[in-house]
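The values are calculated or read from the model by the stated rules, or taken from the named source; none is laboratory data. If you're wondering where the values come from, they're calculated on a predicted model, not measured in any experiment. Glycine also receives a Cβ, built like all others from the backbone with ideal geometry; neighbour counts cover every protein chain displayed.
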Amino acid sequence: MSQQKPIHETLNQEKLALDQLSDVKVMVIDDSNTIRRSAEIFLKTSGCQVILAEDGFDALAKISNEHPDVIFVDIMMPRLDGYQTCSLIKRNARYKNTPVIMLSSKDGLFDRARGRMVGSDQYLTKPFTQETLLEAVQVYAAQSRHNQQEAE
């Protein structure tokens, strides 16, 4: 069994140290209370500020007030699925550079390609571990900060 490279090596990007996550806002959009709470525990123990949303509509209402640095979105949700939610986030000029990471129990090529087509930055398979979740935050929060510095 081959071991997967860490995200930051695969993307050839820098990442924030764990002690730099205290001011990082992370939104987790998932209709599963268990997934939301697991992600919240993993992220809060590392110092992240966590914003939770039950579905795409709930998330879109919170994004403009909260301005998350990184967004995790489940694909399979009622009303507004993850693909639609990601697409709406990425079409908004104000949030198009906000990293969106798709979460799914499906690991198929089609699902990953569809995620890329709507603008997702990464695709994580559920169940995720604390390590994979935090590494994604470290890499994409660093990217988000870099984008904000360039915009200023």
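Inspect the range 2-22 for any residue being farther than 15 Å from T132 by Cβ, charged (D, E, K, R), at pLDDT 85 or above and exposed (fewer than 15 other Cβ atoms within 10 Å of the Cβ) and give the result as yes or no. The answer is no, given that none of the residues of the range 2-22 is farther than 15 Å from T132 by Cβ, charged (D, E, K, R), at pLDDT 85 or above and exposed (fewer than 15 other Cβ atoms within 10 Å of the Cβ).
Exactly one residue among Q49, Q84 is touching a strand residue (DSSP E or B) at 6+ places or on another chain (Cβ under 8 Å), over 17 Å from F128 (Cα atoms) and at pLDDT 95 or above, and that residue is Q49.
Can you find even one residue in the range 35-58 that is under 23 Å from R114 (Cα atoms), touching a residue at least 40 places away in the same chain (Cβ under 8 Å) and buried (at least 17 other Cβ atoms within 10 Å of the Cβ)? Yes: one or more hits. Condition check for F128 on (1) assigned to a helix (DSSP H, G or I); (2) more than 13 Å from K15 (Cβ to Cβ); (3) at pLDDT 80 or above: one failure, at (1).
For the range 57-89, the set of residues classified as closer than 15 Å to M27 by Cα and among the basic types (K, R) consists of K62 only. Number of residues in the range 23-34 that are surrounded by 16 or more Cβ atoms within 10 Å (Cβ to Cβ) and closer than 23 Å to Q143 by Cβ: the value is 7.
Looking only at residues in the range 76-112 that are surrounded by 23 or more Cβ atoms within 10 Å (Cβ to Cβ) and among the aliphatic types (A, V, I, L, M), the one that is farthest from S22 (Cα to Cα) is M77.
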